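Before any comments, here is the structure.
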């Protein structure tokens, strides 16, 4: 014991480098820059105890830690430059202090961005959505996992493909086994699907004679060898797609010997070849190589480009929410994906493929957070809104998906998400919107002749999911616009201020504006609510399920939909707001870029992605919001093409412990 | 860990064979004579019921303390079980009730862990501790088919709450088997039922197990183990999750004896229940209501109760809703709007009224569970007698988001170990962790502390 603590002290002594061992810049930070923080920012407010504004500046002892949390220091720079920090009641910084601070913080940050960093992408299982589509593309069998599998949480940029929250659990595994059995049975039940991977193992009369002859003369079982060849072929065809790479000979042999084991066990069965193949395919569907997307982790310190097959898998997950098809795998095999032009060609091909609609749906429904609509636990007050039927909610959801897909594939203009003069309606939704002449259940493109609606801000899906069950919420809608369109999500309310507008004595919508005006008198709330509330009020002509109205139920006066933004623009109502948002293209481009990259990578966007986001939004603006070159750029981007290995690399020997 | 007694199922089997087996002595706890072993040994169970958004304060705590008290309006539906209840006041989830944290997510995930969670949109999920139910499951879970079962009314809520910067997963999970891994909850009553009982419902053809399943398991395990590559830390964790999950299937396939043992637990009484419940599940699905929250809760509670009664598991949790749940309660008379919105009543009488009604609905559903478990007989006792049932929320007043003076009720005495029938109000800010420490010890988990516990709760142990 005593010895051990001595050892600990010794290690500690060796472990801590001396001041002089640190690089010159770090020492300079401690001597010159850090004291300015300590004196002016940390001592009274931004320390571990007070954490004013949620910020503890005391913890940044190293330049590296500043570089890691660059987004925090961008705010620091902003406040110091604008003179909003230190606040009026504190001593202002001297000119020297201010200049020194700004110069060095900016330098640290730009230094950090110089070094490209692809971020960490770790092994993750297929999301339920990807699992369904992968099964469909692989076997042709459609499975609905909706209530069968525990629902995927979400994380990162808000998408369900985020590795950190995609757990594998015994319950999930049980269900994977069940699904694999029923899927393979269904596949076998449909000869067309079955024979895509498993051609029949029958032999012509001449082959049979040959087999008989060889068996008799040379004592050689040609029939069995041929059967094994066929099985090897079938397993290879299925396994390659499932594992997103070619099977190693050892893997193939392992599956083949399992085939043989089953095959030999049922000599009496006429369809024993198919029976044995079935068991092998079931095993493929519960293999980690199918269920988990895992890229190699070579023990390298610096980032490295991922392999062609890994790239193909990233692409198919991004653009199809599924596994690669044969063409993409072959392109990977040929090395085509290393050539930017051929890579772009593949992206364009994949976007044209109907499977791209899955990406459209997955992305837009999660980005705009309208996916709630198709989940049974989402409810509106049935007495107030009896019209809000399952059909209507599905149509609302469908409108947005169709619309997004159209801007992606047909009009090729993401700006129409804000300003389009058309939408997608079926009879139910057209009636809901008061548009005449649309019949049937099918959603189809309809030109809008009146100015009320247009773009996502006029869609019932968005308007409903940003409402409360019994009434509209201008605050939620305003927040939504700031987040989704303007890329300036409001900060969380200060601690112990309860959820604002729901807290006021609001009996009905009529008194909303009045209540919010009082709320805004509090300077703590004003900063964010000024824009947030006004953006929301501009949409008050839409009720809680997105119907047009000019008055509240209980009031003869027209609804006041006027407002203004901090940046100076005035507007009244949805149409004028649309015009103004249309001028905020840079912000909108940034919003889409951030979300699209987050979706493509399945991770959070971090400070180190700043340059990638910048260049992606520039490409959107330069190409007038054409999604094609934009998505090509996403695929070509550094974090999509590169990877770095997790800090701890260990020899994988999980199997040895049991 | 008391390793000297053998599980009840194994005991039953042993007794069926011959009482005179020499090893019988080994499974009798000291002080229990052999002839009344079966009488005395009833496994203890734990069931937790969590509801979101707190309670109407003035209608929760009964006016008088001690054994003579009148039920409060919110707890009125539990009146018939007064003598089985412990109503505990002034417990506080100390570590999470701090300034500057979010109102809901930071309180829901730690409901059973009592520690402050890591703020994250999903990359570093960490609740800093294992939840109380899972510690118990780790202790008693090996005896049963499932170490624990987790149920809920709503599935995990997806995405990130960007306003506050938390993944909504935190608001959807109270059971944490490790600081970084929540237990998945089942929300579909049909699947939850089938998972446990499908093969035991009289008149329903059992599902035939694929005879090759075992070989499939072996093959993929073999394949995954031989993955002779170097893996980063996160990737290795993912592989470990996978292997562990496949092994759990392997284990269940290997233990066909256990399944037979379990079948022995399905008494004629349980069979009757299974038939009835199966029909109700069919009705529920045919009507495809999905909207009838009351019936869905009750189905889940029936499954929950039967899981405990049949000894499929000894630990369950149930979430009435996720954090910030805005479930529309307009189906209740006099209520209009969503749960979360209404909980922010801001002192407005009409809203408080509605808030109270929603609370009472929850109490009524809890009462339904108590009705069920109190009629499930175990010898001359009931399942309720042998259980500890915790009912509560992670907030007091939903308008204030405070985790002090939490609404917490315990039902059942855990096999006569808790002194029920009291309304106790503790000193202000008594750690909620003290209750959990008490429960852990009541369930024979050898431990002396839990999170910020300062000791056990006085006055509730017999």
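Here are the numbers:
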read-out: Subset tally (residues that are touching a helix residue (DSSP H, G or I) at 6+ places or on another chain (Cβ under 9 Å), in contact (Cβ under 8 Å) with a residue 24 or more places away in the chain and within 30 Å of residue A:117 (Cβ to Cβ)) for region A:249-302; value: 7
read-out: Of the criteria (1) touching a strand residue (DSSP E or B) at 6+ places or on another chain (Cβ under 7 Å); (2) part of a loop (DSSP other than H, G, I, E, B); (3) surrounded by fewer than 20 Cβ atoms within 10 Å (Cβ to Cβ), which one residue B:70 fails; value: (1)
read-out: Residue within region B:83-100 that is surrounded by fewer than 20 Cβ atoms within 10 Å (Cβ to Cβ), more than 7 Å from chain A (Cβ to nearest Cβ), at pLDDT 90 or above and closer than 30 Å to residue B:255 by Cβ present; value: no
read-out: Identity of the residue in region A:145-162, over 16 Å from the mean Cα position of the chain (by Cα), farther than 18 Å from residue B:173 by Cβ and more than 7 Å from chain B (Cβ to nearest Cβ), that ends up surrounded by the most Cβ atoms within 10 Å (Cβ to Cβ); value: A:145
read-out: Criterion: surrounded by fewer than 16 Cβ atoms within 10 Å (Cβ to Cβ), more than 9 Å from chain A (Cβ to nearest Cβ) and at pLDDT 90 or above - qualifying residue of B:294, B:317; value: B:294
read-out: Helices (runs of 4 or more DSSP H) completely within region A:67-143 that count 1 or more residues being assigned by TED's automatic domain parsing to the domain that holds residue A:193, touching a strand residue (DSSP E or B) at 6+ places or on another chain (Cβ under 9 Å) and within 30 Å of residue A:191 (Cβ to Cβ); value: A:128-139
read-out: Enumeration of residues in region B:88-111 that are closer than 20 Å to residue B:60 by Cβ and not in a helix (DSSP H, G or I); value: B:88, B:89, B:90, B:91, B:92, B:93, B:97, B:103, B:104
read-out: Verdict on residue B:302 being crowded, with 16+ Cβ neighbours inside 10 Å and assigned by TED's automatic domain parsing to the domain that holds residue B:60; value: yes
read-out: Qualifying residue in region B:351-366 (condition: in the same structural domain as residue B:158 (by TED's automatic domain parsing), surrounded by fewer than 24 Cβ atoms within 10 Å (Cβ to Cβ) and closer than 30 Å to residue B:264 by Cβ); value: no
read-out: Residue in region A:127-135 that is more than 13 Å from every other protein chain (Cβ to nearest Cβ), free of Cβ contacts under 8 Å to residues at least 40 places away in the same chain, closer than 30 Å to residue A:226 by Cα and touching a helix residue (DSSP H, G or I) at 6+ places or on another chain (Cβ under 8 Å) present; value: no
read-out: Looking only at region B:101-124, and only at residues there that are within 13 Å of chain A (Cβ to nearest Cβ), more than 18 Å from residue B:324 (Cβ to Cβ) and in contact with a helix residue (DSSP H, G or I) (Cβ under 8 Å, 6 or more places away or on another chain), the one that is modelled with the highest pLDDT; value: B:124
read-out: Residue within region A:322-337 that is outside any helix (DSSP H, G or I) and within 23 Å of residue A:151 (Cβ to Cβ) present; value: yes
read-out: Complete set of residues in region B:223-246 that are more than 7 Å from chain A (Cβ to nearest Cβ) and either crowded, with 23+ Cβ neighbours inside 10 Å or modelled with pLDDT of 90 or more (or both); value: B:244
read-out: Among residues of region B:189-217, those that are within 9 Å of chain A (Cβ to nearest Cβ) and either under 30 Å from residue B:118 (Cβ atoms) or outside any loop (DSSP other than H, G, I, E, B) (or both), counted; value: 7
read-out: Every residue from region B:398-407 that is within 14 Å of chain A (Cβ to nearest Cβ) and crowded, with 23+ Cβ neighbours inside 10 Å; value: B:398, B:399, B:401, B:403
read-out: Inter-residue pairs, beta-carbon under 8 Å, first assigned by TED's automatic domain parsing to the domain that holds residue A:83 and in region A:37-61, second modelled with pLDDT under 80 and assigned to a helix (DSSP H, G or I), 6+ apart; value: A:45/A:52; A:45/A:53; A:46/A:52; A:46/A:53
read-out: Filtered residues of region B:304-335 (kept if closer than 27 Å to residue B:159 by Cα and either over 24 Å from the mean Cα position of the chain (by Cα) or without any contact (Cβ under 8 Å) to a residue 60 or more places away in the chain (or both)); value: B:326, B:328, B:329, B:330
read-out: Criterion violated by residue B:173 - all others in (1) in contact with a strand residue (DSSP E or B) (Cβ under 7 Å, 6 or more places away or on another chain); (2) surrounded by fewer than 16 Cβ atoms within 10 Å (Cβ to Cβ) satisfied; value: (2)
read-out: Residue that is surrounded by the fewest Cβ atoms within 10 Å (Cβ to Cβ) [pool: residues in region A:290-301 that are within 9 Å of chain B (Cβ to nearest Cβ) and at pLDDT below 95]; value: A:299
read-out: Residue within region A:561-575 that is crowded, with 17+ Cβ neighbours inside 10 Å, touching a residue at least 24 places away in the same chain (Cβ under 8 Å) and in a helix (DSSP H, G or I) present; value: yes
read-out: Residues (assigned to a helix (DSSP H, G or I) and in contact (Cβ under 8 Å) with a residue 60 or more places away in the chain) located in region A:418-451; value: A:418, A:419, A:432, A:433
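Condition check ((1) without any contact (Cβ under 8 Å) to a residue 40 or more places away in the chain; (2) surrounded by fewer than 23 Cβ atoms within 10 Å (Cβ to Cβ); (3) assigned by TED's automatic domain parsing to the domain that holds residue B:381) across all residues:
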position: B:409; (1), (2), (3): no, yes, yes
position: B:415; (1), (2), (3): no, yes, yes
position: B:421; (1), (2), (3): no, yes, yes
position: B:424; (1), (2), (3): no, yes, yes
position: B:431; (1), (2), (3): no, yes, yes
position: B:436; (1), (2), (3): no, no, yes
position: B:449; (1), (2), (3): yes, yes, no
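The values are calculated or read from the model by the stated rules, or taken from the named source; none is laboratory data. Keep in mind that this is a model prediction, so the values were computed, not measured. Ideal geometry is used to build each Cβ from the backbone, glycine not excepted, and the neighbour counts take in all protein chains shown.
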